[in-house]
Structures are given as structure tokens and as C-alpha cells.
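Participant: Below: one structure in C-alpha cells.
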Amino acid sequence: MSLWQGVLEAIARSEQAWIGLCVVLQPLWLVLLVGILIRTRALGRRLQRLTAGATGASLERVLMDHLARVEEVDTRQRQVEQRVSALEGQIPLCVQRVGLVRYDAFEDVGGQQSFSLAMLDAQQNGIVLTSVYSRTDVRVYAKAIRQGAPSHPLSEEEMEALRSALSSR
């Protein structure tokens, strides 16, 4: 006797029990089916809201737009990183240390109109710029600084401006 024949004979012997079991299980199946339908409808509404988007586009269109924006941001980030790298290479060459000394170059001129200004980069290269003011004229002098050392002899005020720049940060 096969398995199927054995099952059919067992059902035939206790037909009343099987009918009773089906009557009891039918409302449970109905409740389960209603629950599944409610969840399916709720998921359908969520999917509709997700795919509708602000412009009513499909989910695929929304995802494609998002992917395009992500790629654009990635491209811009790489460009910014390249620019930052270029700027980082230039920073050591920029003026980073400054020293200023104002003074009266002549006894008959007040207000400390004369000055010496030292401007140096990260390697202590730069200039000392001096402006000497008198009642009749103004003279401007520039002296190069290489690795903290002047290319020409410096006056007392220029040395003070250079020391101030070397000690600044």
C-alpha cells in the first residue's frame, strides 16, 4: 500500500474528526488571510509613496537621479582634493611671518611715519621693506632675506623687524 492510499484510508475512518478540524481552522485561515491583505495593502501604499517622489517619477528614476548626484559629488570632491593639494604645496611659499617696526627716522619729523616691515615664508625667505619718511620726501628700500639671513646689511630697525618676524608664528 502506498503512502497516499494510507492517508486516504485514515481520512475515511475519521471523516467526522477531519470535518470538525476544518470547521475550526476555517475562521483562523480567514483571519490570517485578512491580516495578509491588510499588510499587503499597507506595503503597497508605502511603495507608492516611495516611488512617487517629489516629481512623481518611478523608483528607478529616483535611484538613477540619486546615483547621478552621488557621482557628481564624487567628481567635485576629487577636484577639491586636487585643489587643496595644490594649495598645500604653495603654503610654504606664502608670507607666514611678519615683523613691523615704526620709528622716527629724523628728529624734525614725528608720528613714527618711517617703518621697516619684514615678511617671510615658511623657509624664512622674503624681504625687509623699509620706508624712510622726511618732510621733503619718502625713500623706500627692499632687501632680500634668504633662510633668515639678509642679502645686504640691515639697519637697527630692519634687524628688529627681522627678529620680530623670525620669532612670530
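The values are calculated or read from the model by the stated rules, or taken from the named source; none is laboratory data. Quick caveat, the model's predicted, so the values are computed rather than measured. Positions of Cβ are backbone-derived with ideal geometry, glycine not excepted, and every protein chain shown enters the neighbour counts.
Participant: Kindly provide the set of residues from region 1-29 that are polar (S, T, N, Q) and not in a helix (DSSP H, G or I), ordered by number.
Facilitator: Ser2, Ser14
Participant: Then there is this: Is it the case, given these coordinates, that Asp74 is of a type in the set (Asp, Glu), loosely packed, with under 11 Cβ neighbours inside 10 Å and either touching a helix residue (DSSP H, G or I) at 6+ places or on another chain (Cβ under 8 Å) or touching a residue at least 12 places away in the same chain (Cβ under 8 Å) (or both)?
Facilitator: So Asp74 does not fit the description; no.
Participant: Read through the list (1) under 30 Å from Pro150 (Cβ atoms); (2) in contact with a helix residue (DSSP H, G or I) (Cβ under 7 Å, 6 or more places away or on another chain); (3) modelled with pLDDT under 95, then give the number of the only condition that Gly53 fails.
Facilitator: (1)
Participant: Mind counting the residues in region 77-102 that are in contact (Cβ under 8 Å) with a residue 60 or more places away in the chain and among the small types (Gly, Ala, Ser)?
Facilitator: Final tally of qualifying residues: 1.
Participant: Hey, another quick one. Tell me, which strands (runs of 3 or more DSSP E) lie completely within region 88-169 with 1 or more residues that are surrounded by fewer than 17 Cβ atoms within 10 Å (Cβ to Cβ)?
Facilitator: Because the criterion is at least 1 residues that are surrounded by fewer than 17 Cβ atoms within 10 Å (Cβ to Cβ), the strands (runs of 3 or more DSSP E) in region 88-169 that meet it are 97-103, 126-133, 138-146.
Participant: Which of the residues that make up region 1-19 are loosely packed, with under 10 Cβ neighbours inside 10 Å and in contact with a helix residue (DSSP H, G or I) (Cβ under 9 Å, 6 or more places away or on another chain)?
Facilitator: Across region 1-19, the qualifying residue is only Met1.
Participant: State whether the residues of region 115-133 include one that is free of Cβ contacts under 8 Å to residues at least 60 places away in the same chain, polar (S, T, N, Q), touching an Asp or Glu at 6+ places or on another chain (Cβ under 8 Å) and within 30 Å of Ser151 (Cβ to Cβ). Don't jump to the end; show me each part of the working.
Facilitator: As a first pass, look at region 115-133 and keep what is free of Cβ contacts under 8 Å to residues at least 60 places away in the same chain: 115-133.
Still in the list and also polar (S, T, N, Q): 116, 123-125, 130-131.
Those left that are additionally touching an Asp or Glu at 6+ places or on another chain (Cβ under 8 Å): 116, 130.
Filter once more, keeping what is within 30 Å of Ser151 (Cβ to Cβ): 116, 130.
For region 115-133, residues free of Cβ contacts under 8 Å to residues at least 60 places away in the same chain, polar (S, T, N, Q), touching an Asp or Glu at 6+ places or on another chain (Cβ under 8 Å) and within 30 Å of Ser151 (Cβ to Cβ): present.
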